[in-house]
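Pasting in a structure now, in structure tokens, and then I'll have a few things to ask.
The values are calculated or read from the model by the stated rules, or taken from the named source; none is laboratory data. The structure displayed is predicted, hence computed values, not measured ones. So basically every Cβ, Gly included, is an ideal-geometry build from the backbone, and we count neighbours across all protein chains shown.
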Amino acid sequence: MRLAGRRCHSISSRRRAGQALNAAKIPSQNPTGPLSNLPIVDLRFRRFPAITCDLRMKIPFVDLKAQYLTIQKEMDEAIKTILAETAFIMGPRKEAFENDFARYCNARFCIGVGSGTDALYLAMKALGIGPGDEVITVSNTFIATVEAISTTGATPRFVDVEPQGQLMDPALFEAAITPKTKAVVPVHLFGQMCDMDRILAIAKKHHLIVLEDAAQAHAAEYQGKRSPLCGTAAFSFYPGKNLGAYGDAGAVVTQDEKIYEYIVRFHNHGCPKGGKYEHLSIGFGYRLDTLQAAILQVKLRHLDKWTGQRRAHAAHYTSRLKDVVTTPHEFPNRRHVYHLYPIRTQQRAELAKHLQAAGVSTGIHYPIPVHLQPCYEFLGVKRGQLPVTEQCADTMLSLPMFGELTESQVDYVCDQVLAFFKK
């Protein structure tokens, strides 16, 4: 009787459900088979969660994976070759990259070293900069520029930058020269070279050494020429650079054979070229490892294409944003390579927050100028003494910039910036 009762109840329930479905013109299923005892649910009265669609793009500040995928076959083969050869320190692979990069820079020599900071320090050592000397540079830079000066025992002296390109102001450079001044380090910031004609003329007039900090200026040009215009330049191959390794790396590029020979010895524990256990002088270990050299040699073949892509993205940004923010300025007769694309706005924090909410990553270069860093308080440079540098630190916001950006991604970033200023 229980089974009969359940059976009759089940049939009655199914009949009523079927009648309701027919009334709604919804076809019912044949209530037979192993699932015939399950209740039929009327979906007309069921609540479902709302379906939402997130239309935001996710745009990183830099995308090294996207770059790798464009050169994956070449890169994998180069890395596998180094692993198969098990030759990781010095040797012909390192020399091959050094020769290629020297040719690219139209220079006689290149020495691959462990980082851009190493390159600056070794170049200064080779140029004879040391205790008792003063070296003029800018505070609107990454701290490595100034650290290298301090590590030699010399004293950094800061001058302000000009407002258009945020590069060393040549007039202020000349005004800062004292009897202790030994050298000047112009920084080719964000991918654009300084006014080298004026800087070199002033340096020649006062018998000063010039060392170019070209850490962000791979492929940049001044009147059709690449660094080093002064004879010696230091480059960084930090992964995010226009020409970046898969770890730390750097190079000194020079036209001077004596500087080349000094760094060849000093960066490899005082050994002569090709030597191992003969030490002609006291040095240290500042070598570029062979794996990074092989990686850089592959990437160097693509640098011109990537540079063209960066310049196209920058032109696109500028054309759409120039009326709402201050966009980067490219001087005549200079080829800006846009390592970064920093805009300037008094509403930086609010704009950065708006872009982050929209899925756009940004950066600030640099939020605290070197002269206001705690480690350089001893120099006694107070807030307000470098007004243009400090204004840059307070207003600059770097937008996504890498070769593999698509036109739609650049447009999306621009749309979000424009939307912010229309609020």
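Condition (residue is closer than 19 Å to Tyr376 by Cα, buried (at least 24 other Cβ atoms within 10 Å of the Cβ) and not hydroxyl-bearing (Ser, Thr, Tyr)) applied to region 162-180: is it met by at least one residue?
No; the residues of region 162-180 include none that is closer than 19 Å to Tyr376 by Cα, buried (at least 24 other Cβ atoms within 10 Å of the Cβ) and not hydroxyl-bearing (Ser, Thr, Tyr).
I need the full set of residues from region 373-384 which are touching a residue at least 60 places away in the same chain (Cβ under 8 Å) and either touching an Asp or Glu at 6+ places or on another chain (Cβ under 8 Å) or hydroxyl-bearing (Ser, Thr, Tyr) (or both), in order please.
Tyr376
For region 368-423, name all the residues that are at pLDDT 95 or above, of a type outside the set (S, T, N, Q), in a loop (DSSP other than H, G, I, E, B) and farther than 21 Å from Thr137 by Cβ.
Pro400, Met401, Phe402, Gly403, Glu404, Leu405
Just name the residue that is nearest to Tyr338 (Cα to Cα) out of those in region 270-309 that are within 31 Å of the chain's Cα centre (by Cα) and part of a loop (DSSP other than H, G, I, E, B).
His302
Kindly indicate whether any position in region 353-371 is of a type in the set (Phe, Trp, Tyr), touching a residue at least 40 places away in the same chain (Cβ under 8 Å) and more than 23 Å from Met168 (Cβ to Cβ).
Checked against the condition, which is being of a type in the set (Phe, Trp, Tyr), touching a residue at least 40 places away in the same chain (Cβ under 8 Å) and more than 23 Å from Met168 (Cβ to Cβ), region 353-371 yields no hits at all.
OK, next. Filter region 308-339 for residues that are crowded, with 22+ Cβ neighbours inside 10 Å and either touching a helix residue (DSSP H, G or I) at 6+ places or on another chain (Cβ under 6 Å) or within 21 Å of Ala251 (Cα to Cα) (or both) and give the result.
His313, His336, Val337, Tyr338, His339
How many of the residues making up region 139-153 are touching a Cys at 6+ places or on another chain (Cβ under 7 Å) and either of a type in the set (D, E, K, R) or assigned to a helix (DSSP H, G or I) (or both)?
Qualifying residue count for the region: 0.
From the set of residues in region 230-251 that are in contact with an Asp or Glu (Cβ under 9 Å, 6 or more places away or on another chain) and surrounded by fewer than 23 Cβ atoms within 10 Å (Cβ to Cβ), which is farthest from Lys204 (Cα to Cα)?
Gly247
Sticking with this one: Is it the case that Val417 is surrounded by 17 or more Cβ atoms within 10 Å (Cβ to Cβ), in contact (Cβ under 8 Å) with a residue 24 or more places away in the chain and within 24 Å of the chain's Cα centre (by Cα)?
Details: surrounded by 17 or more Cβ atoms within 10 Å (Cβ to Cβ): yes; in contact (Cβ under 8 Å) with a residue 24 or more places away in the chain: yes; within 24 Å of the chain's Cα centre (by Cα): yes.
When the stated conditions are applied, Val417 passes them.
When region 310-332 is examined, which residues are found to be touching a strand residue (DSSP E or B) at 6+ places or on another chain (Cβ under 7 Å), in a loop (DSSP other than H, G, I, E, B) and either touching a residue at least 60 places away in the same chain (Cβ under 8 Å) or not hydroxyl-bearing (Ser, Thr, Tyr) (or both)?
Once the filter is applied, which keeps residues that are touching a strand residue (DSSP E or B) at 6+ places or on another chain (Cβ under 7 Å), in a loop (DSSP other than H, G, I, E, B) and either touching a residue at least 60 places away in the same chain (Cβ under 8 Å) or not hydroxyl-bearing (Ser, Thr, Tyr) (or both), region 310-332 yields Val325, Pro328.
Out of the residues in region 81-115 that are at pLDDT 95 or above and of a type in the set (A, V, I, L, M), state the one that is farthest from Gly224 (Cα to Cα).
By that ranking, first place goes to Ala84.
Tell me, please, whether a residue that is of a type in the set (S, T, N, Q), at negative phi and touching a Leu at 6+ places or on another chain (Cβ under 6 Å) can be found in region 223-234.
Among the residues of region 223-234, at least one is of a type in the set (S, T, N, Q), at negative phi and touching a Leu at 6+ places or on another chain (Cβ under 6 Å), which makes the answer yes.
Does Asn106 satisfy the condition of being touching a residue at least 12 places away in the same chain (Cβ under 8 Å) and either farther than 18 Å from Val264 by Cβ or in a helix (DSSP H, G or I) (or both)?
Criteria met by Asn106.
Also, quick follow-up: In this structure, is Asp118 in contact with a strand residue (DSSP E or B) (Cβ under 7 Å, 6 or more places away or on another chain), within 19 Å of Leu296 (Cβ to Cβ), among the acidic types (Asp, Glu) and in a helix (DSSP H, G or I)? Talk me through it step by step, then tell me what you get.
On the way: in contact with a strand residue (DSSP E or B) (Cβ under 7 Å, 6 or more places away or on another chain): yes; within 19 Å of Leu296 (Cβ to Cβ): yes; among the acidic types (Asp, Glu): yes; in a helix (DSSP H, G or I): yes.
In short, yes.
From Phe266, Phe284, which residue is crowded, with 20+ Cβ neighbours inside 10 Å and either under 17 Å from Met90 (Cα atoms) or without any contact (Cβ under 8 Å) to a residue 12 or more places away in the chain (or both)?
Phe266
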